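A.B. asks: Here's a structure for you.
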Amino acid sequence: MKKDILERLETEVKACKRYSENSIKKSKEGNIGSAINLLDIAGTAKKCADQVHEELWGVSKGNLTDEEIQLFAESETLDRELKKAYKELNIARKR
């Protein structure tokens with residue numbers, strides 16, 4: 001069960017980062033519509049990651065390996081990825 005939760009968390013973290021990065025790329029290209037759509041997907045992945053994060057904490061009772069802690073912590077920094085993408089989108093909108 002814990003392994004499944006970790007895999008789901010890893011998937012959502014990667015998705016959030018990937019879609020945020022692609023949103024930034026589209027913003028820089030001036031493709032605002034695509035950037036918004038990608039950012040929307042990134043936001044959804046972050047919400048899912050947050051839910052799985054809580055589920056993992058409940059199941060593990062805070063008893064995580066170093067590798068699991070790294071993934072756990074990484075999921076807590078997804079807001080930064082989204083903020084970067086929002087910032088780039090706002091810059092692109094002003095051009």
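A.B. asks: Would you pick out the residues in segment 72-85 that are farther than 14 Å from Asn22 by Cβ and in a helix (DSSP H, G or I)? So that I can check it myself, show each step before the final result.
C.D. replies: Just the residues of segment 72-85 that are farther than 14 Å from Asn22 by Cβ, to begin with: 72-80, 83.
The answer is Phe72, Ala73, Glu74, Ser75, Leu78, Asp79, Arg80, Lys83.
A.B. asks: Continuing with the same structure: Give the residues of segment 1-21 that are over 15 Å from Lys87 (Cβ atoms), surrounded by 14 or more Cβ atoms within 10 Å (Cβ to Cβ) and among the acidic types (Asp, Glu), sorted by residue number. Show your work before the answer.
C.D. replies: So in segment 1-21, the residues over 15 Å from Lys87 (Cβ atoms) come out as 1-19.
From what is left, the residues that are surrounded by 14 or more Cβ atoms within 10 Å (Cβ to Cβ) are 5-6, 8-13, 15-19.
Of everything in segment 1-21, those that are over 15 Å from Lys87 (Cβ atoms), surrounded by 14 or more Cβ atoms within 10 Å (Cβ to Cβ) and among the acidic types (Asp, Glu) turn out to be Glu10, Glu12.
A.B. asks: Residues to consider are Lys17, Lys47, Lys3, Lys25; find the one that is of a type in the set (Lys, Arg) and at pLDDT below 95.
C.D. replies: Checking each option against the conditions leaves just Lys3.
A.B. asks: State the number of residues belonging to segment 38-84 that are touching a Phe, Trp or Tyr at 6+ places or on another chain (Cβ under 8 Å) and farther than 17 Å from Arg8 by Cα.
C.D. replies: 2
A.B. asks: Go through segment 38-61 residue by residue and tally those that are within 16 Å of the chain's Cα centre (by Cα), small (Gly, Ala, Ser) and loosely packed, with under 13 Cβ neighbours inside 10 Å.
C.D. replies: 0
A.B. asks: Inside segment 38-65, can you point out the residues that are of a type in the set (Ser, Thr, Tyr) and in contact (Cβ under 8 Å) with a residue 12 or more places away in the chain?
C.D. replies: Ser60
A.B. asks: Looking at Ile91 and the list (1) in contact (Cβ under 8 Å) with a residue 40 or more places away in the chain; (2) surrounded by 13 or more Cβ atoms within 10 Å (Cβ to Cβ), which single condition is not satisfied?
C.D. replies: (2)
A.B. asks: Still on this model: What about Leu64, is it touching a Leu at 6+ places or on another chain (Cβ under 9 Å) and either surrounded by fewer than 16 Cβ atoms within 10 Å (Cβ to Cβ) or not in a helix (DSSP H, G or I) (or both)? So that I can check it myself, show each step before the final result.
C.D. replies: Details: touching a Leu at 6+ places or on another chain (Cβ under 9 Å): yes; either surrounded by fewer than 16 Cβ atoms within 10 Å (Cβ to Cβ) or not in a helix (DSSP H, G or I) (or both): yes.
It is true that Leu64 is touching a Leu at 6+ places or on another chain (Cβ under 9 Å) and either surrounded by fewer than 16 Cβ atoms within 10 Å (Cβ to Cβ) or not in a helix (DSSP H, G or I) (or both).
A.B. asks: Tally time: how many residues in segment 22-37 are free of Cβ contacts under 8 Å to residues at least 40 places away in the same chain and surrounded by 13 or more Cβ atoms within 10 Å (Cβ to Cβ)?
C.D. replies: Count: 6.
A.B. asks: Follow-up. Considering only residues that are touching a helix residue (DSSP H, G or I) at 6+ places or on another chain (Cβ under 6 Å) and either surrounded by fewer than 11 Cβ atoms within 10 Å (Cβ to Cβ) or charged (D, E, K, R) (or both), which ones fall in segment 69-88?
C.D. replies: Within segment 69-88, Glu74, Glu81, Glu88 qualify.
The values are calculated or read from the model by the stated rules, or taken from the named source; none is laboratory data. In this text the structure is predicted, and so the values were computed from the model without any measurement. Note that we place each Cβ from the backbone using ideal geometry, even for glycine, and neighbour counts take in every protein chain shown.
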